[in-house]
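These notes concern the structure reproduced below.
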Amino acid sequence: MRATSHRVPRLCCLLSLLGLVPQVKAQTDEIQVYDAQIVELGHWNLTWHNNFTPSGRLQPDFPGGVVPDHALNGVPEWAYGVTDWFEAGVYLPLYTLTNTGQLQFDGAKLRTLFVSSHAAERTVFYGVNFEYSYNRPQWESHRFAGEIRPIIGTHLGPLDLIVNPIVDTQYNGLRNLEFVPAERVAYNFPRFSLALEHYADFGRLRHFAPLAQQSQTLFAVIDIGNSSWGLEFGVGHGFTAASDDLIIKLLLMRDL
């Protein structure tokens, strides 16, 4: 019996290496917690996302994928205020500058965001975002993918508490939905805010991956200005083997 018990973890490791046990994926173009604020009706906004990994994983998430270490991922996000509760957006082009200096086109995304109107003025706010992705082979193992991002938050004076319990899909069945939540605690000063943000990838929603295979990253963030004209800068550290040790994010935002 004891010999059999030792074979079980070895078999699980072998299946994992063969790709028969699903692996958590941490590569991303967008590191941001949604706060239910949207572009003003009839206006355009550009948010330019860039994430650099000075110290990261040396192996890709899947064969042929992007190696996170010393890679720069980014995308311009174009958004339009359709109503005071609906914003449409497109991410184009998703790109990576690899650690070998190669510039790669990774795909594109469409976004539809529905929120409680005038969220910045509400004590409690909420919404839901839907994303539809087309991926190149080096970015995702599935050509098409999607995201469902609920938004729940509260403004308590200068303090913001926000949760995005995100679910990802590769359109391969409910049993394969992945749970990738994000949370933010921020304190707002007159001209800037300081925040802690947590990003995780627990693996499949129906059965979380072991902790060592989960991505768990904590960011210290400063926001200057606002989404009409401002920037967000953050430094993150991963706490598991499936996370990158050090990530830097920069978002530049401007109404057009």
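The values are calculated or read from the model by the stated rules, or taken from the named source; none is laboratory data. Here the structure is a predicted model, which is why all the values come from computation and not from measurement. Methodologically, a virtual Cβ is constructed for each residue, glycine included, from the backbone with ideal geometry; neighbour enumeration extends over all protein chains shown. SASA here: full protein model, heavy atoms, side chains in, ligands and nucleic acids out. Shrake-Rupley method; radii C 1.70, N 1.55, O 1.52, S 1.80 Å.
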Select from segment 110-136 the residues that are open to solvent by 40 Å² or more (accessible area, probe 1.4 Å), of a type outside the set (A, V, I, L, M, F, W, C) and not in a helix (DSSP H, G or I) and list them in ascending order. H118, R122, T123, Y126, Y132, Y134, R136
Any residue in segment 61-68 that is surrounded by 16 or more Cβ atoms within 10 Å (Cβ to Cβ), over 20 Å from R143 (Cβ atoms) and touching a Ser or Thr at 6+ places or on another chain (Cβ under 9 Å)? yes
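Test of understanding: among A209, A200, A241, A182, which residue is over 18 Å from I31 (Cα atoms) and crowded, with 19+ Cβ neighbours inside 10 Å?
After applying the criteria, what remains is A209.
This table checks each residue for (1) in a loop (DSSP other than H, G, I, E, B); (2) farther than 18 Å from G203 by Cα.
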{"site": "Q138", "(1), (2)": "yes, yes"}
{"site": "S141", "(1), (2)": "yes, no"}
{"site": "G153", "(1), (2)": "no, yes"}
{"site": "L161", "(1), (2)": "no, yes"}
{"site": "R175", "(1), (2)": "no, no"}
The residue that is farthest from S215 (Cα to Cα), considering only those in segment 149-158 that are open to solvent by less than 60 Å² (accessible area, probe 1.4 Å) and over 15 Å from the mean Cα position of the chain (by Cα), is P158
Going by the conditions given, is R191 open to solvent by 30 Å² or more (accessible area, probe 1.4 Å) and of a type outside the set (V, I, T)? yes
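If I ask for residues that are touching a strand residue (DSSP E or B) at 6+ places or on another chain (Cβ under 7 Å), in a loop (DSSP other than H, G, I, E, B) and at pLDDT 95 or above, which ones from segment 209-256 would you list?
Q214, F239, T240, S243, D244, D245
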Here are the criteria: (1) in contact (Cβ under 8 Å) with a residue 60 or more places away in the chain; (2) surrounded by fewer than 15 Cβ atoms within 10 Å (Cβ to Cβ). Tell me which single one L174 does not satisfy. (1)
